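The values are calculated or read from the model by the stated rules, or taken from the named source; none is laboratory data. Note that the structure is a prediction, hence the values are computed from the model and not measured. We place every Cβ from the backbone using ideal geometry, glycine too, and count neighbours over all the protein chains shown. Quick note on the areas: whole protein, heavy atoms, side chains included, nothing else; ligands and nucleic acids left out. Shrake-Rupley method; radii C 1.70, N 1.55, O 1.52, S 1.80 Å.
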Amino acid sequence: MFSLENITNTTHTWLNQTFSPTLALLTEFLIVGVLVIGLFAVLGLVLVFMERKVSAVMQIRLGPNRVGPMGIFQTLADTLKLVMKEGLTPNGADKFLFNLAPFVVMITAMLILAPIAFAKGFQMWDINIGVLYVSAISSISVIGILMAGWASNNKYSLLGAMRSGAQIVSYELSAGLAVLSIVILSGSLSISDIIASQQNGWWIFKGHIPAIIAFVIFIIAVTAETNRAPFDLAEAESELTAGFHTEYSGMKFALFFLAEYVNIFIVCAIGATLFFGGWMPFHIGSWTAFNNIMDYIPSSIWFFGKTFFLIFLIMWFRWTFPRLRIDQLLNLEWKYLLPISMFNLLLMTFVAIMGWYF
Amino acid sequence: MIFMEVSSAAANTTVANYLPIVIQFIFAAGFVGTTMVATHLLGPKLQTKKKLQAFESGIKSVGNARQPFAVKYFLTAILFVLFDVEVIFLYPWAVNFMELGWQGVITMGLFMGLLLAGFVYIVKSGALDWE
């Protein structure tokens with residue numbers, strides 16, 4: 001049985017036997033860094049390809065099918081083309097902020113990846129405030145977006161950035177409250193503890209109605225937070241050309257694009273961790289035989305299966321719902337989702353204190 | 001897993017616990033920097049005056065984009081700051097929820113009640129209405 005935990009442990013022991021502890025440590029840092037960048041590149045390519053194929057299926061057409069078998073090299077070709085393109089900085093732009101914005105957006109996306117558990121015992125950084133860390137760092141990306149919009153000195157960019165800023169900060173409240181309801185149940189902010197608390201069933205099943213409401217709120221809020229349709233006002237193509245990244249070209253544009261897709265992956269991974277048990281296989285209470293059969297499927301497959309299911313859900317939304325207007329969008333959050341999530345949190349505390357969960 | 005053992009081996013201080021993030025930050029900055037430099041070196045550099053203008057769907061760009069802006073966006077941001085602080089207050093309570101028991105629930109119910117009263121005031125005063 002292939003297991004990522006064994007591979008990391010073997011590598012760790014081998015490095016420590018071969019080299020001095022300091023050198024082994026440095027090598028491990030290097031390996032992890034290269035792995036993260038590799039994961040980033042692969043995620044970007046896979047998710048863009050997946051998006052195009054999913055949209056093609058939804059609209060009964062073929063999608064990319066020329067470059068490589070089934071068109072799987074299409075996104076790679078697109079990336080190579082973007083690297084070869086000219087990266088312009090417009091005359092009216094604030095040169096420093098304009099070039100700093102892709103850094104901010106991209107670095108935050110990469111930093112949020114740190115506490116996510118990809119498989120059993122395969123976690124880059126197991127910190128005791130995992131969930132709080134994720135919500136804290138993810139709010140920095142809005143600064144990058146506002147920076148890009150302001151520095152461009154373009155009307156479309158500024159409008160897009162303002163809309164995006166208002167939208168991201170608003171929906172963060174609901175997402176935070178939905179996350180809190182799971183923290184109440186598991187009693188810990190650490191990602192590994194939250195996963196361990198779902199040993200005998202995932203929270204979406206154990207937490208009854210409040211957990212389901214929290215999940216629905218969470219998925220709506222993260223769709224808005226990642227600027228995805230039907231909440232893609234920030235880059236509403238038909239009215240704002242490309243929103244906050246109108247003036248960006250070449251690889252600078254590609255970095256924004258990559259960060260957007262990695263953010264989708266991250267929020268879906270967090271959703272899978274909180275509500276569907278992360279890498280935890282599908283367990284039902286004390287049915288030992290059934291649980292043992294489920295354990296035969298590797299934990300990484302469980303994690304990526306759940307995450308990609310949620311990503312598919314978010315892509316499905318895009319081709320199902322029409323775009324909202326900015327006032328409708330903010331009304332939905334402030335007048336409906338926020339009160340609902342507050343009451344849901346109170347309901348969840350009641351359920352938890354009465355011990356009405358398994 | 002790799003980093004966990006690292007931080008416990010090095011020193012059990014809080015600063016050492018955050019070392020992986022510093023390393024991650026350096027790698028991320030390096031990655032973005034490398035791609036930016038690569039595209040700068042590989043791409044063509046044909047800069048004309050028209051190309052460097054702000055894009056306005058093909059017509060000549062007019063005026064400056066940095067003008068006074070609808071105050072509603074600012075109001076939304078201010079309200080966010082208020083409510084986000086409340087949500088952050090809830091985090092430590094949620095972690096210690098089981099130990100605090102009913103007393104904690106009542107205290108937090110009071111807190112949420114005050115918060116909701118403020119929220120009702122915001123809605124009634126029309127702060128969230130767009131014309």
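What to note about this one:
- Scanning the stretch A:115-166 for residues that are within 20 Å of the chain's Cα centre (by Cα), outside any helix (DSSP H, G or I) and within 29 Å of B:Trp130 (Cα to Cα) yields A:Ser139, A:Ile140.
Quick grid of which residues meet (1) β-branched (Val, Ile, Thr); (2) open to solvent by less than 20 Å² (accessible area, probe 1.4 Å); (3) in contact with a strand residue (DSSP E or B) (Cβ under 8 Å, 6 or more places away or on another chain):
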| residue | (1), (2), (3) |
| --- | --- |
| A:Ile127 | yes, yes, no |
| A:Ile140 | yes, no, no |
| A:Gly144 | no, yes, no |
| A:Asn153 | no, no, no |
| A:Ser170 | no, yes, no |
| A:Leu173 | no, yes, no |
| A:Leu180 | no, yes, no |
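- Which listed residue is closer than 23 Å to A:Phe312 by Cβ and not aliphatic (A, V, I, L, M), from A:Thr75, A:Thr22, A:Thr8: A:Thr75
- Of all residues in the stretch A:302-329, those that are within 14 Å of another protein chain (Cβ to nearest Cβ) and not in a helix (DSSP H, G or I) total 2.
- For A:Val54: the one exception among (1) open to solvent by 40 Å² or more (accessible area, probe 1.4 Å); (2) under 24 Å from the mean Cα position of the chain (by Cα): (1)
- Residue match in the stretch A:4-18 (condition: of a type in the set (Phe, Trp, Tyr), touching a residue at least 12 places away in the same chain (Cβ under 8 Å), out of contact with any strand residue (DSSP E or B) (no Cβ under 8 Å at 6 or more places or on another chain) and surrounded by fewer than 19 Cβ atoms within 10 Å (Cβ to Cβ)): no
- Take the conditions (1) closer than 30 Å to A:Lys53 by Cβ; (2) touching a helix residue (DSSP H, G or I) at 6+ places or on another chain (Cβ under 9 Å); A:Gly285 misses just one of them, which is (1).
- Criterion applied to B:Val71, B:Val87 was being surrounded by 10 or more Cβ atoms within 10 Å (Cβ to Cβ), of a type in the set (Val, Ile, Thr) and under 27 Å from the mean Cα position of the chain (by Cα), and the one residue passing it is B:Val87.
- Test for A:Val222: is it at the interface with another protein chain (Cβ under 10 Å from one of its Cβ atoms) and either in contact (Cβ under 8 Å) with a residue 24 or more places away in the chain or over 21 Å from the mean Cα position of the chain (by Cα) (or both): no
- Members of the stretch B:104-131 found to be in contact with an Asp or Glu (Cβ under 7 Å, 6 or more places away or on another chain) and assigned to a loop (DSSP other than H, G, I, E, B), listed by number: B:Trp130
- Qualifying positions in the stretch A:26-51 - open to solvent by less than 20 Å² (accessible area, probe 1.4 Å) and not aromatic (Phe, Trp, Tyr): A:Glu28, A:Val32, A:Gly33, A:Val36, A:Leu43, A:Gly44, A:Leu47, A:Glu51
- For the stretch A:87-103, the criterion of being closer than 23 Å to A:Ala221 by Cα, at the interface with chain B (Cβ under 10 Å from one of its Cβ atoms) and at pLDDT 85 or above is met by no residue.
- Within the stretch B:18-51, the set of residues being open to solvent by 30 Å² or more (accessible area, probe 1.4 Å), more than 7 Å from chain A (Cβ to nearest Cβ), in a helix (DSSP H, G or I) and not polar (S, T, N, Q) comprises B:Leu19, B:Val22, B:Ile26, B:Gly30, B:Val37, B:Leu41.
- Filtering B:Ala65, B:Ala127, B:Ala77, B:Ala54 for residues that are among the small types (Gly, Ala, Ser), under 21 Å from the mean Cα position of the chain (by Cα) and within 10 Å of chain A (Cβ to nearest Cβ) leaves a single hit, B:Ala77.
- A:Glu51 being over 21 Å from B:Ala28 (Cβ atoms) and of a type in the set (D, E, K, R): yes
- Counting only residues that are part of a helix (DSSP H, G or I) and away from chain B (no Cβ under 12 Å), the stretch A:1-60 holds 20 of them.
- All positions within the stretch B:83-103 that are in a helix (DSSP H, G or I), within 17 Å of A:Leu177 (Cα to Cα) and not charged (D, E, K, R): B:Phe83, B:Val85, B:Val87, B:Ile88, B:Phe89, B:Leu90, B:Tyr91, B:Pro92, B:Trp93, B:Ala94, B:Val95, B:Phe97
- Hey, A:Leu173 facing chain B (nearest Cβ under 7 Å), within 30 Å of B:Ala70 (Cβ to Cβ) and either outside any loop (DSSP other than H, G, I, E, B) or not hydrophobic (A, V, I, L, M, F, W, C) (or both) or not: yes
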